[in-house]
């Protein structure tokens, strides 16, 4: 069985028809998201899991994210089991949809680039969901972000990061930055790798996320009109605390995610 493939050709006769019904549904779903943020998250955004049970706000976030993915033709598939809060989730990164994909299975505070905070509506929605914004290339920003991550983890909330530091292309898994793992060591919480994998008819799609030189709007429109596919979330075995420190933890997390992405049985 082939495990790598490209998405359906851009010449897709059904693409215009998908826009006809997906665009109105997307607009309605955005309105629902605004209501969710305005009337639910504002008064209970700091809720944490107790005795392994998700709070109401987390279930709402998961439901909204699952609905958003369905509008884009993505069927969320969970493989494995997420650990109970608090945990540091580390995942591969190929697209903006990765945040919603992981959110469809477990609500968590994401670390995202600071530019998103200034995006109309999207920035407000992200902030309402607990996103931690980081200005890339700034050591001062990273130090502040690391402290917020530690605080959130100690409060009992899970945090999710993309240790590659940016999106990859064509199925290439980049080197993981080790410094981000220090937050888990400081907060004394486990690290669970998560492999995000797109597939159609059993074949892995390596270009479902950002293609090289493709901007956000181009990717957004391509995915919105794309043919249905599976979006798999593989929760993998936790990374043990290493005597060699965070570098070895980063390497082990990357190795496990790489193996899951290439698994022929996946």
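The values are calculated or read from the model by the stated rules, or taken from the named source; none is laboratory data. In this text, all values refer to a predicted model and were calculated from it rather than measured experimentally. Positions of Cβ are generated from backbone atoms using ideal geometry, with glycine treated the same way; all protein chains shown enter the neighbour counts.
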Which listed residue is assigned to a loop (DSSP other than H, G, I, E, B) and over 30 Å from residue 57 (Cβ atoms), from 166, 226: 226
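Quick one: would you say residue 63 is surrounded by fewer than 18 Cβ atoms within 10 Å (Cβ to Cβ), at pLDDT 85 or above and either closer than 24 Å to residue 229 by Cβ or touching a strand residue (DSSP E or B) at 6+ places or on another chain (Cβ under 6 Å) (or both)?
Numbers: surrounded by fewer than 18 Cβ atoms within 10 Å (Cβ to Cβ): yes; at pLDDT 85 or above: yes; either closer than 24 Å to residue 229 by Cβ or touching a strand residue (DSSP E or B) at 6+ places or on another chain (Cβ under 6 Å) (or both): yes.
In short, yes.
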Unique residue being surrounded by 15 or more Cβ atoms within 10 Å (Cβ to Cβ) and modelled with pLDDT of 90 or more when the list is 208, 199: 199
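Out of 224, 185, I need the residue that is under 30 Å from residue 71 (Cα atoms), in contact with a helix residue (DSSP H, G or I) (Cβ under 9 Å, 6 or more places away or on another chain), surrounded by fewer than 18 Cβ atoms within 10 Å (Cβ to Cβ) and at pLDDT 90 or above. Which one? Break it down into steps so the answer makes sense when it comes.
Numbers: 185 fails: under 30 Å from residue 71 (Cα atoms).
Going through 224, 185 in turn, just one is under 30 Å from residue 71 (Cα atoms), in contact with a helix residue (DSSP H, G or I) (Cβ under 9 Å, 6 or more places away or on another chain), surrounded by fewer than 18 Cβ atoms within 10 Å (Cβ to Cβ) and at pLDDT 90 or above: 224.
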Yes/no for residue 86 being in contact with a helix residue (DSSP H, G or I) (Cβ under 6 Å, 6 or more places away or on another chain) and at pLDDT below 85: no
Selection from the stretch 152-163 of residues that are outside any strand (DSSP E or B) and surrounded by 15 or more Cβ atoms within 10 Å (Cβ to Cβ): 152, 153, 156, 157, 158, 162, 163
Positions within the stretch 126-145 being modelled with pLDDT of 65 or more, under 16 Å from residue 179 (Cα atoms) and part of a helix (DSSP H, G or I), in sequence order: 140, 141, 142, 143, 144, 145
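Is the stretch 178-190 home to any residue that is closer than 20 Å to residue 11 by Cα and under 19 Å from the mean Cα position of the chain (by Cα)?
Taking the stretch 178-190 as the starting set, the residues that turn out to be closer than 20 Å to residue 11 by Cα are none.
No, because not a single residue in the stretch 178-190 is closer than 20 Å to residue 11 by Cα and under 19 Å from the mean Cα position of the chain (by Cα).
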